[in-house]
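The values are calculated or read from the model by the stated rules, or taken from the named source; none is laboratory data. Keep in mind that this is a model prediction, so the values were computed, not measured. Glycine also receives a Cβ, built like all others from the backbone with ideal geometry; neighbour counts cover every protein chain displayed.
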Amino acid sequence: MELPDLVASVARRSGELDVLDLYDHGDVGRIRMGSDILFRSDASPDTLLIGGDIAAALGPSLRETAHVRLLGCRTTAATGSVTSAPALAGRLLLLKLARALGGHRVAFGTITSIQRSDFSRLGFRCELETMRLFSSLAALDQLPPSYQERGRSVDTMASCGQ
């Protein structure tokens, strides 16, 4: 519950945030903050996001089009079949979080594990974003890709026009 106040204090000094990275332990459909669950979704579109009140409280500190990135291991990783509960929970985590944040904000989750080496002193390394993150905008229409599927897509895009 201290997170919104902490983020608000940063926003008062620096202005509304464009990107908010939340880094802690994660698993499909959830991310922790310290010893507690920060955000969690199940596989039902009809249930509320656990932590939705915290997400709503973060909204005033964020730009209207801010990105909130859940940088915990496999927060939106594709597991099982298209209709499996874990696969849906990861996708719905992003959709519910983006809705709770309000505005035109986009939530991102990870499709693979995250390690300390994925960060520089400036934060999450930019070159990893394409390979490891999945957005709430993409989650509207599809499940997250596996890390291997994402790699093939990135390779295909890199070879276009060459």
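Quick look at the values:
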quantity: Tally, over region 118-162, of residues that are of a type in the set (D, E, K, R), loosely packed, with under 14 Cβ neighbours inside 10 Å and under 19 Å from the mean Cα position of the chain (by Cα); calculated: 5
quantity: Inter-residue pairs, beta-carbon under 9 Å, first under 23 Å from Ala158 (Cβ atoms) and in region 118-131, second part of a helix (DSSP H, G or I) and β-branched (Val, Ile, Thr), 6+ apart; calculated: Thr130/Val154; Met131/Val154
quantity: Check on Leu48, farther than 20 Å from Phe134 by Cα, aliphatic (A, V, I, L, M) and part of a loop (DSSP other than H, G, I, E, B); calculated: yes
quantity: Selection status of Leu94, at pLDDT 95 or above, of a type outside the set (Val, Ile, Thr) and either surrounded by 15 or more Cβ atoms within 10 Å (Cβ to Cβ) or over 23 Å from Asp141 (Cβ atoms) (or both); calculated: yes
quantity: Number of the exception - Lys96 against (1) among the basic types (Lys, Arg); (2) over 15 Å from Phe134 (Cβ atoms); (3) part of a helix (DSSP H, G or I); calculated: (2)
quantity: Matching residues, region 38-64, being surrounded by fewer than 15 Cβ atoms within 10 Å (Cβ to Cβ) and either within 16 Å of Tyr23 (Cα to Cα) or of a type in the set (Asp, Glu) (or both); calculated: Asp46, Asp53, Glu64
quantity: Those residues of region 103-117 which are assigned to a loop (DSSP other than H, G, I, E, B), in contact (Cβ under 8 Å) with a residue 12 or more places away in the chain and either exposed (fewer than 15 other Cβ atoms within 10 Å of the Cβ) or of a type in the set (A, V, I, L, M) (or both), in sequence order; calculated: Gly103, His104, Ile111, Ser113, Ile114
quantity: Residue, farthest from Ala98 (Cα to Cα), within region 1-23, restricted to residues that are part of a loop (DSSP other than H, G, I, E, B) and at pLDDT 95 or above; calculated: Gly15
quantity: Extreme residue, modelled with the lowest pLDDT, among residues of region 56-85 that are touching a helix residue (DSSP H, G or I) at 6+ places or on another chain (Cβ under 6 Å) and among the polar types (S, T, N, Q); calculated: Thr79
quantity: Some residue of region 18-27 being within 20 Å of Leu128 (Cβ to Cβ), of a type in the set (A, V, I, L, M), surrounded by fewer than 17 Cβ atoms within 10 Å (Cβ to Cβ) and under 16 Å from the mean Cα position of the chain (by Cα); calculated: yes
quantity: Ala89 being crowded, with 21+ Cβ neighbours inside 10 Å, touching an Asp or Glu at 6+ places or on another chain (Cβ under 8 Å) and at pLDDT below 95; calculated: yes
